[in-house]
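Colleague: One structure, as structure tokens, below. Some questions next.
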Amino acid sequence: MKKLLTLAFVSLLSISAMAQQVDLRKKISVSGSAETEVTPDIIYISISLKEYLKDNNSKKKVEITTLESQLYAAVQKAGIDKENLTINNLSSYAIVTEKKKNPDYLASKQYRLKVSDLNKWNDIIGSIDPKGIAYTNVDSYDYSKIETLKKELKIKALQAAKEKASYLVEALGDKLGSVIDIQEVNNEQYPQPMYRNVMMMKAESADMAGAAAPEIDFKKIKLNYIMNTVFEIK
């Protein structure tokens, strides 16, 4: 008998505890959103320079040092900090060694340049011997104040959700209470750059000699945030 009473008591306690865990508050679930578009102001461009033979004459080689000097001079003239131009890699383990082994060896170097203005990039690439340019392309791009902008949009989306919840609840004669739950939905879009002319500038193409630098159209970065919220109704 005592065992039955004990089991019954334990069961009542369990039922009571479960009842206490049930959230009986009146709630409203709403979503708020905020979005904007920004033009990229940080652009990383890769460029590959390669030695070539003038008129296919091995004695008339345009050295990589000459092409490199043209690149550095153009970057400096454009007012870009030298720290923004870095060497990605070399075409061989040791260019000097290769040149000693093979006099006809054509060295190449790859660089990465950070710019904020594509017009400057066009000026830079236009100052380099076009036959010494193996290729150029855009690696990536970003917006310098992206984190601050993300924070502002999330706050606006949350405020929009609260405002919506307030007028809906007040329309029923109730008052809005504290927020119970917040969930963020991220809809960031970083579209790929679109090239108006050509993506690659190839030194092998005679038609490219003296041609204008490739013009690039950037679609804007679109940031959109949705805040799913749950508020208590008083």
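Colleague: Looking only at the stretch 132-157, which residues are in contact (Cβ under 8 Å) with a residue 24 or more places away in the chain, open to solvent by 50 Å² or more (accessible area, probe 1.4 Å) and of a type in the set (S, T, N, Q)?
Modeller: Once the filter is applied, which keeps residues that are in contact (Cβ under 8 Å) with a residue 24 or more places away in the chain, open to solvent by 50 Å² or more (accessible area, probe 1.4 Å) and of a type in the set (S, T, N, Q), the stretch 132-157 yields only S144.
Colleague: Here is a follow-up. Can you name the residue in the stretch 172-195 that is part of a strand (DSSP E or B), at pLDDT 90 or above and not aliphatic (A, V, I, L, M) and is also surrounded by the fewest Cβ atoms within 10 Å (Cβ to Cβ) among such residues?
Modeller: S178
Colleague: Out of all the residues in the stretch 49-105, which are aliphatic (A, V, I, L, M), at pLDDT below 70 and open to solvent by 60 Å² or more (accessible area, probe 1.4 Å)? Steps first, please.
Modeller: Step one: filter the stretch 49-105 for residues aliphatic (A, V, I, L, M), giving 49, 53, 62, 64, 67, 71, 73-75, 78, 80, 85, 87, 90, 94-96.
From what's left, at pLDDT below 70: 90, 94-96.
L90, V96, listed by residue number.
Colleague: Moving to a separate point now. I'd like the full set of residues that are of a type in the set (S, T, Y) and open to solvent by 50 Å² or more (accessible area, probe 1.4 Å), limited to the stretch 28-44. Full working, then the answer.
Modeller: Start the filter on the stretch 28-44 by keeping residues that are of a type in the set (S, T, Y), which leaves 29, 31, 33, 36, 39, 44.
The answer is S29, S33, T39, Y44.
The values are calculated or read from the model by the stated rules, or taken from the named source; none is laboratory data. Computed from a prediction, not measured in an experiment: that's the story for all the values here. All Cβ positions, glycine included, derive from the backbone under ideal geometry; neighbour counts span all protein chains shown. Quick note on the areas: whole protein, heavy atoms, side chains included, nothing else; ligands and nucleic acids left out. Shrake-Rupley method; radii C 1.70, N 1.55, O 1.52, S 1.80 Å.
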